[in-house]
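Inspection log for the structure reproduced underneath, given as structure tokens.
The values are calculated or read from the model by the stated rules, or taken from the named source; none is laboratory data. Not measured: the values here are computed from a predicted model. Note that each Cβ is placed from the backbone with ideal geometry, even for glycine, and that neighbours are counted across all protein chains shown.
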Amino acid sequence: MRPHVEVIQDTDYIWHKAELYGGEGEARERRLSVDEEDGSSSLTIEFITDWGRPGGVHHADTEWYVLNGEMNYGGKTFTAGGYVQVPKGVVADYIKFTAGTTVLHFREYGDAGYDIGAERWSTCRPDEQVTTEQTTDRDFDPVPNAGPMPGLVIKYLHVDSISGFYSRLVRANEGWADHRLAHHPVYEEAYQTSGLMTYNFGTITEGSYFFRPARVKHGHFVSMDGGAVWLLRSDGELT
């Protein structure tokens, strides 16, 4: 399992050569959180040169989210806010990044393995398909479930129909506050893509990251001038 990480600034982490098997080009990564047992990881990746990789099959549920720059997936171009999710065992199309692009890259339930030209695994469910979106093309929605304090809005990016594992963008509007000390039965991780907040572990800014295993208590939060946006992931519903 992954250790508790709270809170770090990604620029405080050192760069490593990116583990992106089968690609051509140069890239480096910051390892925000890593599961030493199964290889699951959350990374910031910077592409030093143009980089690309042919279609194939990932060994992990894989996500890409563009922080800045340009991504081309299967002939479709995405800029900041571009998102791709590929379940493990599902055939991914080719992917390319232009030099200078920075992305968030998540691998879940598997390592960095990638089989170029491989066929879809027989173990994949019929509903497991590739998800792509330019997330800036749609507005945030009201939070659909009771629980969070008023002032949060959301964009669901991907939700697994069986496990409930999800990735979403969450915006805390300016002045939003939650004084409660909370914990959840599932893990929660987030990377702040913009804005400013304060809470009991200090001030969190763009590039701040945490990974909380289940049952870790946290709070109180206050969203400052202009609000704040996170990319948030969890392996089940945050109740």
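Structure values in brief
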{"item": "Set 123, 132, 49: member being buried (at least 16 other Cβ atoms within 10 Å of the Cβ) and not acidic (Asp, Glu)", "result": "132"}
{"item": "Selection status of residue 55, more than 19 Å from residue 208 (Cα to Cα), more than 17 Å from the chain's Cα centre (by Cα) and at pLDDT 95 or above", "result": "yes"}
{"item": "Scan of segment 225-239 for residues that are in contact with a Lys or Arg (Cβ under 8 Å, 6 or more places away or on another chain) and either at positive phi or not in a strand (DSSP E or B) (or both), ordered by number", "result": "227"}
{"item": "Residue list for segment 124-178, restricted to those being aliphatic (A, V, I, L, M) and touching a strand residue (DSSP E or B) at 6+ places or on another chain (Cβ under 9 Å)", "result": "130, 143, 149, 152, 153, 154, 157, 159, 169, 170, 172, 177"}
{"item": "Yes/no for residue 129 being among the polar types (S, T, N, Q), assigned to a loop (DSSP other than H, G, I, E, B) and either touching a His at 6+ places or on another chain (Cβ under 6 Å) or within 26 Å of residue 190 (Cβ to Cβ) (or both)", "result": "yes"}
{"item": "Condition met for residue 120 (in contact (Cβ under 8 Å) with a residue 60 or more places away in the chain, among the charged types (D, E, K, R) and outside the structural domain of residue 32 (by TED's automatic domain parsing))", "result": "no"}
{"item": "Out of 202, 175, 195, 207, sole residue that is within 27 Å of residue 12 (Cα to Cα) and at pLDDT below 90", "result": "202"}
{"item": "Selected residue (only one of 159, 170, 222, 186 is out of contact with any Lys or Arg (no Cβ under 7 Å at 6 or more places or on another chain), touching a residue at least 60 places away in the same chain (Cβ under 8 Å) and β-branched (Val, Ile, Thr))", "result": "170"}
